Amino acid sequence: MDDPSLELLFGFIFLLLVLSAYFSGSETAMMALNRYRLKHLANEGHSSARYASKLLERPDRLLGVILIGNNLVNFSAASIATLIALEVFGDSGVAIAPIVCTMVFLIFAEVAPKTISAAYPEKVALPSSYILRPLLLIFFPLVWLVNGFSNAVLRLIGIKGEEASTDELSPEELRTVVFEGSRIASHPQHMMLGVLDLVNVTVEDIMVPRTEIYGIDIEGDVDEIIAQIRSSQHTRVPVFKEDIDKVIGVLHLRNAAKFLSDDNFSKETILQATDEPYFVPEYTTLQTQLVNFQKQKERLGLVVDEYGDIMGIVALEDILEEIVGEFTTDIAETNVDIFPQGDGSYIIDGGTHIRLINRRLGWEMPQDGPKTLNGLIIEYLETIPDSNVCIVLDGYRIEIVQIQDNVVRVAKVWEEPEAF
């Protein structure tokens, strides 16, 4: 080791080892960068993020300059290692040099730097962009030549290598990103997931069913109509003639307050104050309907099937609740259809929507088919029950409590304990 030329060769080996580690680590770090965080940092004014983002617009060129540099370094290191081996071990060093050089470079110039870069991509990639950008300019002719041949080969097998990869996310991928965002507060996260779910839910899933529509029969007694208007808990009420399918319009009770104290009050007064009914097809997604409510300046829609028969009613507030959730979490106070029991079960109205039950109770009852608890029970039994029975469906025990008019009016439901 007293030979100064040998010491110099070892110095070159060490320098090349560092350069190889840099190129290997930069490659992994640049490819592991979070593209959306990178765009955020670039928009915030980070110059290194802008450089890295620009480099990633053409990953073929980025990889080209990194791999050219890495190969030049590794081949140079292999040649110098051979010279050192010949100097130290003689002719047998020709066989020893590749083994030693491979092990050293594999550990210190490949595995270790790539592992570190994968764990801390920003800390490695962003500073590296200051070096890679000028290197790309210096070696651009060589990079262009190499990429030209490479892309030509790729085109032969149907791949356009020069095209940058897309950063667009599908709704399902975006939902996963939001769901996995551990730093997002639970309520904003819930709201974002609710917005993404609007495209998968139709008005039929959340509507108030036909049998529960609160409306005014214009053929009724005037005094009863007045009492109904005054006691109503709704701000908008459908007005119909004898049957909900013969709907005339929608009455805003704010308008009703103007004529209730009028001595000349009559049914004609109600009809004059009603607005035209707004109809919604049953399979309209909530995302589309939310936009339609905004365009039409409406807040209430009558849901109709393919034959034009009214199936239910949907309000703007129902869609908003799908996004922000219920305005209170006390089930016993806010939902008269779900009554918690002391034994952990729930007494539930048969007309309650499965989606509502799942959301309120955090359950996962099947909701691909029937929309209500009554429909779910009847579909499972494949008949209308004529007595109280108990079934087990997807981990939930459902006991029929009351049957009336061929409809399950009340059922007791609880989760089956998991078997271990």
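Looking at Ala95, Ala42, Ala85 in this structure, which one is assigned by TED's automatic domain parsing to the domain that holds Leu135, without any contact (Cβ under 8 Å) to a residue 60 or more places away in the chain and touching a Lys or Arg at 6+ places or on another chain (Cβ under 8 Å)?
On inspection, the qualifying residue turns out to be Ala42.
From the list Gly64, Gly25, Gly45, which residue is more than 28 Å from the chain's Cα centre (by Cα) and either under 16 Å from Arg133 (Cβ atoms) or among the β-branched types (Val, Ile, Thr) (or both)?
Gly64 is the lone residue from the list that is more than 28 Å from the chain's Cα centre (by Cα) and either under 16 Å from Arg133 (Cβ atoms) or among the β-branched types (Val, Ile, Thr) (or both).
Any chance the stretch 59-73 includes a residue that's in the same structural domain as Leu19 (by TED's automatic domain parsing), modelled with pLDDT under 90, surrounded by fewer than 19 Cβ atoms within 10 Å (Cβ to Cβ) and assigned to a loop (DSSP other than H, G, I, E, B)?
There is no residue in the stretch 59-73 that is in the same structural domain as Leu19 (by TED's automatic domain parsing), modelled with pLDDT under 90, surrounded by fewer than 19 Cβ atoms within 10 Å (Cβ to Cβ) and assigned to a loop (DSSP other than H, G, I, E, B).
Of the residues Leu271, Leu300, only one is buried (at least 17 other Cβ atoms within 10 Å of the Cβ) and either under 19 Å from Arg355 (Cβ atoms) or of a type outside the set (Ser, Thr, Tyr) (or both); which?
Of Leu271, Leu300, the one residue that is buried (at least 17 other Cβ atoms within 10 Å of the Cβ) and either under 19 Å from Arg355 (Cβ atoms) or of a type outside the set (Ser, Thr, Tyr) (or both) is Leu300.
Pairs needed: first member in the stretch 342-371, surrounded by 16 or more Cβ atoms within 10 Å (Cβ to Cβ) and among the charged types (D, E, K, R); second member anywhere, modelled with pLDDT under 90 and part of a loop (DSSP other than H, G, I, E, B); C-beta distance under 6 Å; at least 6 residues apart or different chains.
Asp349/Asp337; Arg355/Gln367
Could you check the stretch 230-267 and list, in sequence order, the residues that are hydrophobic (A, V, I, L, M, F, W, C), outside any strand (DSSP E or B) and closer than 27 Å to Val280 by Cα?
Passing the criteria: Leu253, Ala256.
Say whether the condition of being aromatic (Phe, Trp, Tyr) and without any contact (Cβ under 8 Å) to a residue 40 or more places away in the chain is met by at least one residue in the stretch 1-10.
no
From Asp318, Asp305, Asp275, Asp309, which residue is modelled with pLDDT under 90 and not basic (Lys, Arg)?
Every option except Asp318 fails the conditions.
State all residues of the stretch 380-419 that are closer than 16 Å to Thr352 by Cβ and exposed (fewer than 13 other Cβ atoms within 10 Å of the Cβ); if no residue qualifies, say none.
The one that is closer than 16 Å to Thr352 by Cβ and exposed (fewer than 13 other Cβ atoms within 10 Å of the Cβ): Gln404.
If you scan the stretch 275-318, which residues turn out to be charged (D, E, K, R) and not in a strand (DSSP E or B)?
If the condition is that a residue be charged (D, E, K, R) and not in a strand (DSSP E or B), then Glu276, Glu282, Lys295, Lys297, Glu298, Arg299, Asp305, Glu306, Asp309, Glu317, Asp318 are the ones that fit.
Can you name the number of the only condition in (1) modelled with pLDDT under 90; (2) of a type in the set (A, V, I, L, M); (3) over 39 Å from the mean Cα position of the chain (by Cα) that Ala32 fails?
The single condition Ala32 does not satisfy is (3).
The values are calculated or read from the model by the stated rules, or taken from the named source; none is laboratory data. Bear in mind the structure is a predicted one, so any value in this text is a computation, not a measurement. Cβ coordinates were reconstructed from backbone atoms using ideal geometry, including for glycine residues, and neighbour counts include every protein chain displayed.
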